[in-house]
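For reference, the structure discussed in these notes is given below.
The values are calculated or read from the model by the stated rules, or taken from the named source; none is laboratory data. Keep in mind that what you see is a predicted model, and the values were worked out from it rather than measured. As a convention, Cβ positions derive from the backbone with ideal geometry for all residues, glycine included, and neighbour counts pool all protein chains shown.
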Amino acid sequence: MSKFKGGCVLLLLIVVSACGGGTSTTSPSPTPTSTPTATPTPTPTPIAHANIQAAPSGTIICRTGLCTSFTTSVTNIGPGCATNVQVIVRWFGADGAIPLPNTPDIVMGAPGGLSNVFFRVGDTTIIQSLAAFNDVRSAHTVYKFFSTWSDVACR
């Protein structure tokens, strides 16, 4: 009988092994995953450029070689809007051909600060010199305006 017991155990091990008692050598196949498509971000609308222009003339108050005031206006002729506007006036001799030596730029401003003004298309603001300056005017002296600004979205 001892031979029969050992044969049953051997038979039992073979049956258990055949019925999945061992380890599996095949791995499960991966399930396909879909790659999400990226939604394109909308392109921001470009900001139109402003165009700040100074009036062709202004009012200068001078006495005995010292000018105490220079007043004119600036206008945004568009098509965009602007802020942080800065304007300087520079003197030129020889009817505007060459900058005058030793003549500082005249910084212009507005009440409350020119850089704080929001310029919509068509807006005009009066500007004035922020300090006195030497009178360098002559028959052949002209002044030119130079301005910088930040283009911003119109509101």
Complete set of residues in segment 126-155 that are without any contact (Cβ under 8 Å) to a residue 60 or more places away in the chain and under 24 Å from the mean Cα position of the chain (by Cα): 146
Candidates 152, 89, 121, filtered to the one that is surrounded by 13 or more Cβ atoms within 10 Å (Cβ to Cβ) and either among the hydroxyl-bearing types (Ser, Thr, Tyr) or at pLDDT below 95 (or both): 89
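So which residues in segment 39-65 are part of a strand (DSSP E or B) and under 23 Å from residue 120 (Cβ atoms)? Walk me through how you get there before you give the answer.
So in segment 39-65, the residues part of a strand (DSSP E or B) come out as 52-54, 59-63.
52, 53, 54 - these are the residues of segment 39-65 that are part of a strand (DSSP E or B) and under 23 Å from residue 120 (Cβ atoms).
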Which listed residue, of 75, 64, 68, 83, is out of contact with any Cys (no Cβ under 6 Å at 6 or more places or on another chain), more than 24 Å from residue 153 (Cα to Cα) and surrounded by 13 or more Cβ atoms within 10 Å (Cβ to Cβ): 68
Some residue of segment 104-111 being surrounded by 15 or more Cβ atoms within 10 Å (Cβ to Cβ) and in contact (Cβ under 8 Å) with a residue 40 or more places away in the chain: no
Some residue of segment 68-77 being over 21 Å from residue 140 (Cβ atoms) and at pLDDT below 85: no
Those residues of segment 111-134 which are under 13 Å from residue 75 (Cβ atoms) and part of a loop (DSSP other than H, G, I, E, B), in sequence order: 117, 120, 121, 122, 123
